[in-house]
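Enquirer: There's a structure below that I have some questions on.
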Amino acid sequence: MIDNKALDKLVVELNMCVPKDQHLNKDGLCGLFYALAITPAIIEPADWMSELFYGERPELTGKQVKELKKAVVAVVKSSNRLLLAKQLKFPFDFASLDDEKLNSIWHWSYGFLQGLRLRMSFWQSGIIASETSQTFDVVRSSVNIFTALIEEDISVLDNLDTLKSQLIAAGREPTDALILASLLPTLPEAYECIRLFAAKMSERLMAQQHVVSA
């Protein structure tokens, strides 16, 4: 989990810039910086700063920019340390769920998805599926799980027919709400699939850079 003090400080600075309903909350920020950290290619702050404000970057004073930058750097450093230590794990325990935790999971997933969208062509490139001659791309499917839950749109799911069949076989009506509910427990696995793919691509990128510089 990203350092709590760093995240809290970032929330404070964002509150100094705009009303709290106009920026990501603590869970949303955590999800966003998870996505930024695991993405192999560097994403410049100019590409993602507006995501802190739901895509609408406000006019800020010089002092606000300075303080916000300091808070952001602390969060970035914390997430990168976790990444290097291979400790950037899915931050929620699904053993016990209540409304508060479900709300936190939704906001984290929203921030995470917004971070993925900054390089969506990479996440849905199908590189691994193509190399292994698989028709089903588990990485794209994992990203689509987050998309379906946040947008409440089951049409993006690659295995929608399978999910419907499973619910029918269990004697349950395959409504959109029930399908979305069935996706929730799969979030940790979906995140881990995305993270492992990113780690593998990062290793390849580093190897290619090493060859070029040798």
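Enquirer: Does Arg140 satisfy the condition of being farther than 18 Å from Gly28 by Cβ, assigned to a loop (DSSP other than H, G, I, E, B) and either among the charged types (D, E, K, R) or within 16 Å of the chain's Cα centre (by Cα) (or both)?
Expert: no
Enquirer: Out of the residues in the range 39-55 meeting the condition of being part of a helix (DSSP H, G or I) and not polar (S, T, N, Q), tell me which one is farthest from the chain's Cα centre (by Cα).
Expert: Ala46
Enquirer: Also: Could we say that Ala37 is crowded, with 18+ Cβ neighbours inside 10 Å, touching a helix residue (DSSP H, G or I) at 6+ places or on another chain (Cβ under 8 Å) and either at pLDDT below 95 or more than 18 Å from Thr147 (Cα to Cα) (or both) here?
Expert: Working: crowded, with 18+ Cβ neighbours inside 10 Å: yes; touching a helix residue (DSSP H, G or I) at 6+ places or on another chain (Cβ under 8 Å): yes; either at pLDDT below 95 or more than 18 Å from Thr147 (Cα to Cα) (or both): yes.
Answer is yes for this residue.
The values are calculated or read from the model by the stated rules, or taken from the named source; none is laboratory data. Owing to the predicted nature of the structure, the values given are computational and were not obtained by experimental measurement. Heads up, the Cβs are rebuilt from the backbone with ideal geometry, glycines too, and the neighbour counts pull from every protein chain shown.
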